[in-house]
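The values are calculated or read from the model by the stated rules, or taken from the named source; none is laboratory data. Treat the numbers as computed from the prediction; the structure is a model and nothing was measured. Cβ: placed from backbone, ideal geometry, glycine included. Neighbour counts: every protein chain shown.
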Amino acid sequence: MRESKRPVELWDAIVVGGGPAGLNAALVLGRCRRKVLLFDDGKPRNLVSHALHGFLSRDGIAPAQLLALAREQLAPYESVVVDHARVIDAARTDTGFSVRTCDGRSFSARKLPLAAGVVDALPEQPGFRELYGVGVFHCPYCDGWEMRDQPLAIYGRGDDKGGGLALEMTLWSRDIVLCSDGPSGLSADYRRRLDWHGIAVREEPIVRLEVGSNVPYKASFEIVFQSGPRLSRAAIFFNTGRSQSTDLAARLGCDMYDPKGCTVDNDQRVTHVPGLYVAGDASRDVLQAIVAAAEGVEAAIGINKALLHEDLA
Ligand SMILES: Cc1cc2nc3c(=O)[nH]c(=O)nc-3n(C[C@H](O)[C@H](O)[C@H](O)COP(=O)(O)OP(=O)(O)OC[C@H]3O[C@@H](n4cnc5c(N)ncnc54)[C@H](O)[C@@H]3O)c2cc1C
């Protein structure tokens, strides 16, 4: 691996994003002796997280350490270049794609794997962003175990995003309050089910999350409502959605099945835009680091096969 000093004429692939998906794509393409340029602007989705869970052989590793290890292991592959810049534009060309970086450089590649991830939409009240990754979480699979048997809150509305997540969290704790920050939108059926499982519903608007010296043992903050008593909790899990971290796929005409992910036609992560691949969180719904890494491999193998097909025909 080397830092890029000057643009190379035509790369086999330009990878956008250096999280688990992009790094694994680059690794496998490097092992195929492909010329790969990987751009990353250093804002992984789990930037705030202290420990990554559920990743075989790496359970509990600091996310930054996982990325550092992955980059270290790219080093022997001389045809792989990592560049710390944001890609701001991409277009189709006769030979594949051209991309433009935030510092005004342009590069061309035959294939374009996007592994740029997503951005989570956090509730806007003070405290949510500050406590994100500490007491505010979105993913029970990532952080439920660490919060087991603690007093928990769920932030969400409606049967699915509010009621469904609250019921799911009973796997990890029996002390759960659903906070809908306004009318809950729950059906009578869900209200009955929540009630059956001892889950209270607080519909008062939330003003802030407050960390203070009077927060009781086991709790890490209090939820302050517009009215009614404060609620001490160890953690709050939210379900308010996410969006793509770049609009590159949309600009290239990639079909979006919803704002969260790109349509990918088969298990090689290729989209209906020829030569455009999407891997990792940006592509579908099991948003876990090891899945993102595996999708990076799928994209890399798909790209290598496509290049072989073009070159050896
Ligand atoms: C708080 C939190 C905790 C989590 N905990 C876990 C956990 O315990 N276990 C687990 O498996 N998963 C966890 N996740 C999910 C995990 O972070 C993602 O599944 C994983 O990071 C997805 O990898 P990715 O490569 O698709 O995207 P990312 O890791 O988000 O990487 C995308 C990269 O692309 C870069 N990028 C974006 N746009 C551009 C551009 N235009 N130009 C250049 N670079 C760009 C970004 O800066 C980023 O570095 C957690 C997520 C969060 C938010």
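Is there a residue in segment 176-189 that is within 16 Å of the ligand (Cβ to nearest atom) and under 25 Å from residue 52 (Cα atoms)?
No, there is no match, as no residue in segment 176-189 is within 16 Å of the ligand (Cβ to nearest atom) and under 25 Å from residue 52 (Cα atoms).
Since residue 82 meets every condition but one in (1) surrounded by 20 or more Cβ atoms within 10 Å (Cβ to Cβ); (2) more than 8 Å from the ligand (Cβ to nearest atom); (3) closer than 27 Å to residue 133 by Cα; (4) not basic (Lys, Arg), which condition does it not meet?
(3)
Based on what the data block shows, is residue 182 touching an Asp or Glu at 6+ places or on another chain (Cβ under 8 Å) and surrounded by fewer than 16 Cβ atoms within 10 Å (Cβ to Cβ)?
Yes; evaluated as a whole, the condition is true for this residue.
Would you confirm, using the coordinates I've provided, whether residue 115 is exposed (fewer than 15 other Cβ atoms within 10 Å of the Cβ), among the small types (Gly, Ala, Ser), in the same structural domain as residue 254 (by TED's automatic domain parsing) and on the phi < 0 side of the Ramachandran plot?
Answer is no for this residue.
Considering only segment 213-220, I want to know if a residue exists there that is surrounded by 13 or more Cβ atoms within 10 Å (Cβ to Cβ), of a type in the set (Val, Ile, Thr) and under 19 Å from residue 161 (Cβ atoms).
No, segment 213-220 contains no residue that is surrounded by 13 or more Cβ atoms within 10 Å (Cβ to Cβ), of a type in the set (Val, Ile, Thr) and under 19 Å from residue 161 (Cβ atoms).
Pairs, please: C-beta under 7 Å, at least 6 apart or cross-chain, first residue under 30 Å from residue 133 (Cα atoms) and in segment 25-51, second of a type in the set (S, T, N, Q) and more than 6 Å from the ligand (Cβ to nearest atom)?
Short answer, once both residue conditions are applied: 27/73; 39/101.
Of the residues that sit in segment 45-61 and are among the polar types (S, T, N, Q) and within 7 Å of the ligand (Cβ to nearest atom), which one is nearest to residue 289 (Cα to Cα)?
46
Restricting attention to segment 62-76, and to residues there that are of a type in the set (A, V, I, L, M) and buried (at least 16 other Cβ atoms within 10 Å of the Cβ), which single residue is farthest from the ligand (Cβ to nearest atom)?
Of everything passing the filter in segment 62-76, 74 is farthest from the ligand (Cβ to nearest atom).
Do we find a residue being out of contact with any His (no Cβ under 7 Å at 6 or more places or on another chain), assigned to a loop (DSSP other than H, G, I, E, B) and not assigned by TED's automatic domain parsing to the domain that holds residue 53 anywhere in segment 162-169?
no
Tally up the residues in segment 145-158 that are free of Cβ contacts under 8 Å to residues at least 60 places away in the same chain and buried (at least 20 other Cβ atoms within 10 Å of the Cβ), please.
Total meeting the criteria: 1.
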